[in-house]
1. When the scattering of the range 196-245 is computed by the Debye formula from its Cα atoms alone, each counted once and equally, what is log10 I(q)/I(0) at q = 0.12, 0.20, 0.22, 0.31 Å⁻¹?
2. LYS234 to LYS88: extension gain in nm, 0.36 nm per residue of separation minus the Cα-Cα distance?
3. Under 1.5 on a/c is rounded, so check that first for the range 1-80, then, if it is not, pick prolate when a/b is larger than b/c and oblate when it is not; a ≥ b ≥ c are the square roots of the alpha carbon gyration tensor eigenvalues.
4. Using a 1.4 angstrom probe, figure out how much accessible area the chain has per residue, in square angstrom, rounded to the nearest whole.
5. Relative to the compact globular guide of 2.2 N^0.38 Å, what is the alpha carbon radius of gyration of the range 190-282, as a ratio?
6. Stretch LEU164-TYR5 to full length: gain in nm at 0.36 nm per residue minus the Cα-Cα span?
7. Run the simple label-point estimate for MET30 and TYR253 please: 7 Å along Cα→C-beta, distance reported in nm.
8. Rounded if a/c is under 1.5, else prolate if a/b is larger than b/c, else oblate: which is the range 40-163, with a ≥ b ≥ c the root eigenvalues of its Cα gyration tensor?
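The values are calculated or read from the model by the stated rules, or taken from the named source; none is laboratory data. Predicted, not measured: the structure shown is a model, and the values here were computed from it. Positions of Cβ are backbone-derived with ideal geometry, glycine not excepted, and every protein chain shown enters the neighbour counts. Remember, those area values only see protein heavy atoms, side chains included, never the ligands or the DNA or RNA. Shrake-Rupley method; radii C 1.70, N 1.55, O 1.52, S 1.80 Å.
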Amino acid sequence: TLKTYWNLLKEMGGIPMGILIFCVITASQMTTVAYGRMLGAWLGGTFPVWKCVAILGGLVGFGIFINNVVFLVLGLSTLEASKKYHKKMLHKVINAKVLFFDTNPVGQVINRFSKDIGTMDKFIPVGITDVLNIIGVMTMILITTGIFYPLLLAPTLAAVAVALILIYLIYPSIEQSKRFDLRSKDPVFGLLSETLNGIVIMRLYNQEGNFKKRIRDNLMKSAKGNYSFMVASKVVGFYADMAYHFAVIGCIYIITSGAVSGSIQPYLAAFSISLILGLSGLIAFGLVQFSSLNISMASVARVQEFCDIPSEPPQELDGDKSKQGWP
């Protein structure tokens, strides 16, 4: 839910960090637009060659710098949030009541510290970076092409509408498959822990084959969940990509007609086509990354759940300090 994202943002640094992320991504996308526009001005003969080359060189250097800043800000802030969650969750589990360990299997607890924290370390930073960059690129392209030639918005927005409909129809399958993928790993960790603790008794009663079969079956269920999630995600990307390619054909037809009739300058037409073709494959990739991020946030929600475990009473009360000789 949005509450999960909000709690993660607070651990990343709160509203100031959100404003910083918005500013650096906006600066990155504006640099890309300025670079393409300056190329068009060079071809159109608006500025001298030496001035165009100097401005383009400066934009390239600033673009490299600001993109590195984007990756560093998002990567370091999400890893810092993961550290805070791990420390808080460890403190809560160590001080949890006995009832907690009676109702939660060992495999489930281990899975929180291994799979879920691992997801926060590896996939959440990459997912947030990709999704925010893709949203920035798509917004930049739509605004820029809309300013240059508003007719281009019609087929592009139609492709975006088709992509949103696909998300609405297919996302439940993606969500269920990912939830099954996450839950199917709990029995694997739990059974492994039980096997290591009871290895002597297993060998005493010749039960090695039985436990091997159970571990193999649990691993097979986990693999099925992971494979189902991958296939469902690719289905959404394939159909969204196909819809956008039809939209690209319509945009190219509109731009070509405008260039022939003289309603748009040739270098602006070329710039618009390059921007629109830059979206090819980006919508499909964006849908897959957004689905993966939104479902991987289930790991964040599971970690946040363990951070709210009721604790035992404090080991030392304020009144204990005043008692002399208290052990």
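1. Reported log10 I(q)/I(0), two decimals: -0.49, -0.75, -0.80, -1.03.
2. Once the chain is fully extended between LYS234 and LYS88, it gains 49.0 nm.
3. Details: a/c = 4.93, a/b = 3.04, b/c = 1.62.
It is prolate, given that a/c is not under 1.5 and a/b is the larger ratio.
4. In whole numbers, the chain has 57 Å² accessible per residue.
5. Compactness ratio reported: 2.32.
6. 55.2 nm
7. Rounded to a tenth, the inter-label distance reads 3.7 nm.
8. Because a/c hits 1.5 or more and a/b fails to exceed b/c, the range 40-163 counts as oblate.
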